[in-house]
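As structure tokens, the structure follows; a few thoughts come after it.
The values are calculated or read from the model by the stated rules, or taken from the named source; none is laboratory data. Computed from a predicted structure; not experimentally measured. Please note: Cβ atoms are built from the backbone with ideal geometry, for glycine as well, and neighbour counts cover all protein chains shown.
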Amino acid sequence: MAISNNMKQCRDCKKILPKTQFYSGRRICKRCKLKQNDEYRKRTNYNKLYHEKNKEKENKRCLSNYYKWKDNPEKKLKWRENQLKQNYGIDLEDYNEMLNKQNACCAICNTQPIVGRGLLHVDHCHDTGKVRGLLCHYCNMSLGGFRDDIKILRAAIKYLKNSRQ
């Protein structure tokens with residue numbers, strides 16, 4: 001089977017996915033790479049050892065990053081543009097177009113984002129990489145918690161209905 005230019009096959013899971021689901025120059029998809037990283041960290045207790053060893057260095061790095069973005073909106077905007085392109089294959093213009101179509105509200109609950117929770121999150125299908133819309137923090141977390149599974153969502157609705165009787 002021929003793979004189109006914007007698709008790629010993961011070396012580990014063998015799924016054919018959009019190139020946006022791969023880190024630049026990698027033959028393994030983001031999901032498999034995250035699994036590998038988790039397994040490595042569990043195996044080596046990496047995080048705890050690293051942070052104990054480099055506590056002062058990490059604190060300085062975190063503070064310097066905070067001040068770098070805080071005082072430079074242009075850098076923050078460029079970073080946001082890069083994240084959208086790398087993670088979802090869209091640019092800031094696409095994001096703003098979706099935002100306008102949704103009247104700057106969440107696609108599920110129709111509320112505007114809560115102050116302190118940032119922008120609306122880009123919701124996408126983890127299997128295909130297709131962007132579905134923009135969601136508030138709570139709706140995005142909820143869909144993730146239900147693992148995008150319609151059966152689980154239906155069971156949750158049934159549970160809520162039954163608990164109100």
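Looking at 102, 165, which is the one that is at pLDDT below 85 and of a type in the set (S, T, N, Q)?
Working: 102 fails: at pLDDT below 85.
After ruling out the rest, the residue left standing is 165.
Among the residues of the range 107-129, which ones are at pLDDT 90 or above, closer than 24 Å to residue 21 by Cα and in a loop (DSSP other than H, G, I, E, B)?
107, 120
Please give the number of the condition residue 65 fails out of (1) in a helix (DSSP H, G or I); (2) modelled with pLDDT of 90 or more; (3) of a type in the set (S, T, N, Q).
With respect to (1) in a helix (DSSP H, G or I); (2) modelled with pLDDT of 90 or more; (3) of a type in the set (S, T, N, Q), residue 65 is out only on (2).
From 103, 140, 162, which residue is of a type in the set (S, T, N, Q), exposed (fewer than 13 other Cβ atoms within 10 Å of the Cβ) and not in a loop (DSSP other than H, G, I, E, B)? Spell out how you get there, then give the answer.
Numbers: 103 fails: not in a loop (DSSP other than H, G, I, E, B); 140 fails: exposed (fewer than 13 other Cβ atoms within 10 Å of the Cβ).
Being of a type in the set (S, T, N, Q), exposed (fewer than 13 other Cβ atoms within 10 Å of the Cβ) and not in a loop (DSSP other than H, G, I, E, B) holds for just one of 103, 140, 162, which is 162.
Is it the case that residue 75 is under 22 Å from the mean Cα position of the chain (by Cα), modelled with pLDDT of 75 or more and in a strand (DSSP E or B)?
No.
Out of everything in the range 17-56 that is touching a Cys at 6+ places or on another chain (Cβ under 8 Å) and in a strand (DSSP E or B), what residue ends up being surrounded by the fewest Cβ atoms within 10 Å (Cβ to Cβ)?
The residue in question is 17.
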